[in-house]
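Worksheet: the structure to be examined is printed underneath.
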Amino acid sequence: MTDKLWCFTDNLGSFASENADKIKGLYFPLANEALMSSITPDLHGDIKTGQNSFLLQPVSRIDLENLKSSRNFWFYINKNKVWSATGVSKDLKQIKDDKFSLEAGLLWQKITRENRKIGLKTEILSFVPKDQPVEIMQVTVTNVSRKKIKFIPFAAIPIYARSADNLRDHRHVTSLLQRITLNKFGLLVKPTLVFDEKGHRHNKANYFVLGWEQNSKAPEYIYPTQEMFCGEAGDLEAPLSVLENLKPDNRQRIQGKEAMGALRFKETTLNPKARYSYTIIMGISEGDFNPDTVINKFNSPAKINAAFETCKKYWLNLSEKIKVKTGEPDFDNWFRWVSIQPTLRRIFGCSFLPDFDYGKGGRGWRDLWQDSLGLILNNPKAVRSLLINNFGGVRIDGTNATIIGKNPGEFIPDRNNISRVWMDHGVWPLLTLDLYLNETGDLNILFEMAGYFGSESKGTLLEHLLLQNLVRFFTVGNHNYARLLDADWNDGLDMAGKRGESIAFSCMYAHNLRLVSELLLKIGRKEIKIAKEMGILLRKVDYNKTEAKLSLLNEYFAKAKSGNLKQKISIEVNKLAGDLKLKSDWLTQHIGKDAWLKEGFFNGYYDNQGLAAEGRKKGIIRMMLASQTFPIMSGIASAKQIKTILQSVHKYLLDKKLKGIHLNTDFRQEQYNLGRAFSFIYGDKENGAYFNHMIVMFAYALYSRGFAKEAWQVIKSIYNMSINSRVSKIYPCLPEYFNSEARGMYSYLTGSASWFVLTLLTRVFGIRGKEGDLLIEPKLSQEQFKNSPVISIGRVFADRRVRIIFSNPRRLGFGEYRIIKARLNSNDLHLDYSTQLLIRRKDMLKLSFSKTHTLEIILG
Ligand code: G1P
């Protein structure tokens, strides 16, 4: 292998690394619907089912290298040597002699360490099987010496067994709650309480560590506490039980102490080249738990193997829902990882991987809706009920619960009980629903009923959408743009609550009002019912007058509070559509009038002093990418302005060497009137990092306005930075951002993945639903045909699997080519347009379920 951190080894997304153990902060997710793990090359990381149930101690990024507590596996060899198969021990000299390598795939990790001086090689396979709340660790040891080796193996899993909150809130006291039950194969820990001074609760979680040899034999000895395993003078990196080969001291008290899943297996002699394996199962189960169920499922290598195959198949299938063949195998492999990221975020929320050490599970409102974009493309039918359910988080004042739990109807008003209103939250549901509507043509969903959070009333989804977008139209600041409130998409703009305004998202509200207006004209109804109080927001006032808007808004709030949106009135659809269009047009012309700066880009914000945040200030250019993305996406920026924006992005935001686009220029000053973002070091997080979510949305916006060549360069910049693993120092995935050193940060759980999938499928390849029909409108660049004149993408549409193959023998780029021929399963299709092809849903439905259909598109 070269100086890369890893290389792909097949076309299934698997990769190998020989130096992953040298990279700090590198971790990998393992998960199923119930259990979430993070694991590093030396098996640090944690295992949990939620905020209050961690089997291994919760870790932040920095703990991955500093914490002594980790999964370990020790050997006591020939009565004179000790070796850790994970490379976590005090004997640094010995670790240097280990030859390390890692293989990983969707979603498994295998580390190999070989120590010639010791004469052993171990492979440790880690994965989370599909259906059980356990992580499996299978250790296979091989004698790589020429002599027989005699050893005693020890599995060593420190059990934390409590809530993340207790890490520094009664850490010792909560150890007094630990109750251990010994089992022939290991132990169970069931704390007596979930310790919480706001109100203690009965604990229902069982934490367990079980293990056996390859021949299903139980361990000989169990050390159930850390104290017993490590000894007074030892610790987890030098446990005396291993170092001095001590048996457990059965006289010691074991209850109410820090628990330990340390299992000592029988002494074994391995002949040269011989192999032997051990299985360790670590899990968390709620309620009555019989360990036999787990033991019987996994107590032979054949059973482990079967579980491993099922696990791999599950994730591989998921990564193939949208399958690309771009002529660049690395891209195709990398895309598999990106395409499972929305599922990972659905499982982990934004809280449960080492970088994401905030929140207590669940997902933020904005993330929830954007992740649904990716999920809709895979299976809109399955997402329908989820969408309806999510609308139940909207309040009658147009705001919403900010955290959404895993279960239907589980809404948490505010994270950490800090009540905040993000002004962009009203934007996302419509964008997501619009995708759903186009993919399915299911307009009926607009008339499904959903509740209002914190109230007993209900309304149609359409009513929810109207409310969200109308309220923000009226919530204006002094410049007559939507107020920034506690922040918008950029969580870091959180210090302009009083006078801040977001032009960026005013653009999106203008877009949404127009979209709803257009939708209304498609529903085929003359009248619809909406809450009586909402009529107030449809009254005519002079939109130029901010006081007039605010006074209508206040009237609405007062009436909605007393009437609760219970009483519904009929309203003429045409009239309503007209009113919304008027509002949208007004906002559009307002933005057009004064948001464009002479510096050649849009100002997107007013700060808490009412001053424009962007432009040239004291000789320094202040420019933000979000402020350009949304005018483009919403259709407000003209083609001429887009061209100028592109020049300004090139001039001010593009790093010429790395080819990455910064989220903003360096303001070189704290921005106490705008937000915390500017207090971060420049180049990280929301202060000017290469922030992938905004970069992808920028590319999406450019595509939707026909700037395909420029958009592809933007997409490529992200891919190139990710795949350059020597510098990005992450496994294949799209991280939240790259810092100024181009290092990938916050892996896996990021909204950019959904947008990346959306952009690639629906804009680059141009395969998307249009009111339920299938539209093909490729915006492919010449460069994409560099390696091959034939590229393809597969997806499911209207429940039918289709593979769309683009042949471009003359390797022309968007703008130069036309669709000159199209064949569905070898039958020629009639072509109406030169750049688009529409296949009616009814024709799609005639195709069989069971096979993959081929759609060939010839470009020329
Ligand atoms: C994260 C948050 C997202 C927020 C963004 C910018 O983005 O999850 O809600 O809008 O930071 O503050 P992500 O990691 O999803 O790209």
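Per-residue 3J(HN,Hα) values for segment 700-717, derived from phi via the Karplus relation 6.51 cos²θ - 1.76 cosθ + 1.60 with θ = phi - 60°, read 4, 4, 4, 4, 5, 9, x, 8, 5, 5, 5, 5, 5, 4, 5, 4, 4, 4 Hz in sequence order (x marks Gly and Pro). Annotation: extensible slack from residue 406 through residue 323 equals 27.1 nm (criterion: 0.36 nm per residue apart, minus Cα-Cα distance). Computed extension gain for residue 330 through residue 253, at 0.36 nm per residue and net of the alpha carbon distance, reaches 22.2 nm.
In order along segment 401-415, the Karplus-derived 3J(HN,Hα) couplings, from 6.51 cos²θ - 1.76 cosθ + 1.60 at θ = phi - 60°, round to 4, 8, 10, 10, x, 6, 8, x, x, 8, 10, 10, x, 8, 6 Hz, and Gly and Pro are given as x.
With Cα atoms defining each centre, segment 202-216 and segment 516-572 are spaced 58 Å apart in the structure. When +1 charges are put on Lys and Arg Cβ atoms and -1 charges on Asp and Glu Cβ atoms, the dipole computed for the chain relative to its Cα centre reaches about 1340 debye.
Over all Cα pairs of segment 143-273, how is the pair count split among 5 Å bins, expressed in % and running from 0 up to the last occupied bin? The percentages, shortest bin first, are 2, 11, 18, 19, 17, 13, 9, 5, 3, 2, 1, 0, 0. Taking Cα atoms only, the orientation of helix 461-474 departs from the longest principal axis of the chain by about 70 degrees.
State, to one decimal in nm, how far the label point of residue 547 lies from the label point of residue 9, with both points 7 Å from Cα in the Cβ direction. In this crude spin-label approximation the distance works out to 7.3 nm. Each residue of segment 371-379 was assigned a 3J(HN,Hα) from its phi angle through the Karplus curve 6.51 cos²θ - 1.76 cosθ + 1.60 (θ = phi - 60°); the sequence is 5, 5, 4, x, 5, 4, 5, 7, 7 Hz, with glycine and proline shown as x.
Ordered by the number of other Cβ atoms lying within 10 Å of each residue's own Cβ, fewest first, 658, 845 fall into the sequence 845, 658.
In the frame of its principal axes, segment 542-642 has Cα extents of 56, 32, 22 Å, reported largest first.
Converting the Cα gyration tensor eigenvalues of segment 425-543 into ellipsoid dimensions via √(5λ) gives semi-axes, longest first, of 26, 17, 15 Å.
For segment 354-456, a simple Cβ point-charge model (Lys and Arg +1, Asp and Glu -1, everything else neutral) yields a dipole of about 180 debye relative to the Cα centre.
Shape class for segment 276-397: oblate, because the ratio a/c of the largest to smallest gyration tensor axis (alpha-carbon atoms, square roots of eigenvalues) is 1.5 or more and b/c is at least a/b. Once you divide the Cα radius of gyration of segment 98-167 by 2.2 N^0.38 Å, the number left is 1.42. As a ratio to 2.2 N^0.38 Å, the alpha-carbon radius of gyration for segment 25-75 is 1.10.
Our analysis of the chain gives Rg over Rh at 1.00, with the two radii drawn from alpha carbon positions and Rh computed by the Kirkwood formula. Label point of residue 557 set 7 angstrom out along Cα-Cβ; within segment 479-521, amide nitrogens under 16 Å from it belong to 482-487, 497-500. Loop-located GluC sites (Glu not before Pro) across segment 594-679 with a Cβ neighbour count of 15 or fewer within 10 Å are 670, with loop assigned by DSSP.
Ordering 507, 333, 847 by Cα displacement along the dipole of the chain toward the positive end leaves 847 in first place; charges were set at the Cβ atoms of Lys, Arg (+1) and Asp, Glu (-1). Between residue 727 and residue 214, the modelled labels are 4.5 nm apart [label points 7 Å from Cα along Cα→Cβ]. The amide H of residue 82, built 1.01 Å from its N in the peptide plane, has 77 as neighbours under 5 Å, considering only residues 5 or more places off or on other chains. For segment 156-306, with the dipole built from +1 on Lys and Arg beta-carbon atoms and -1 on Asp and Glu ones, taken about the Cα centre, which of 248, 294, 282 lies farthest toward the positive end? The listed residue farthest towards the positive side: 294. Treating r as the C-beta distance of residue 442 and residue 184 and R0 as 51 Å, the FRET efficiency rounds to 0.40.
Going by neighbour counts of Cβ atoms within 10 Å, the residues 799, 397 line up, fewest first, as 799, 397.
Which of 182, 40, 704 sits farthest toward the positive end of the charge dipole of the chain, with +1 on the Cβ of Lys and Arg and -1 on the Cβ of Asp and Glu? Positive-end residue among those listed: 704. If you take the square roots of the eigenvalues of the alpha-carbon gyration tensor of segment 381-480 and sort them as a ≥ b ≥ c, do you get rounded (a/c under 1.5), prolate (a/b over b/c) or oblate? In terms of gyration-tensor shape, oblate.
Built from the Cα atoms of segment 542-584, the convex hull projects on average onto 3.7 nm², one quarter of its surface area. Each Lys and Arg Cβ is given +1 and each Asp and Glu Cβ -1; about its Cα centre, segment 819-860 then shows a dipole of about 200 debye. Computed from the C-alpha gyration tensor, the three semi-axes of the ellipsoid equivalent to segment 619-748 are 22, 20, 12 Å, from longest to shortest. Take the Cα of residue 68, go 7 Å toward its beta carbon, and the backbone nitrogen atoms of segment 153-184 under 17 Å from that spot belong to 156-160, 172.
Every number in this text was worked out from the coordinates using simple rules, so none of it is lab data. This structure is a prediction, so every number in the text was calculated from the model and none was measured. As a convention, Cβ positions derive from the backbone with ideal geometry for all residues, glycine included, and neighbour counts pool all protein chains shown.
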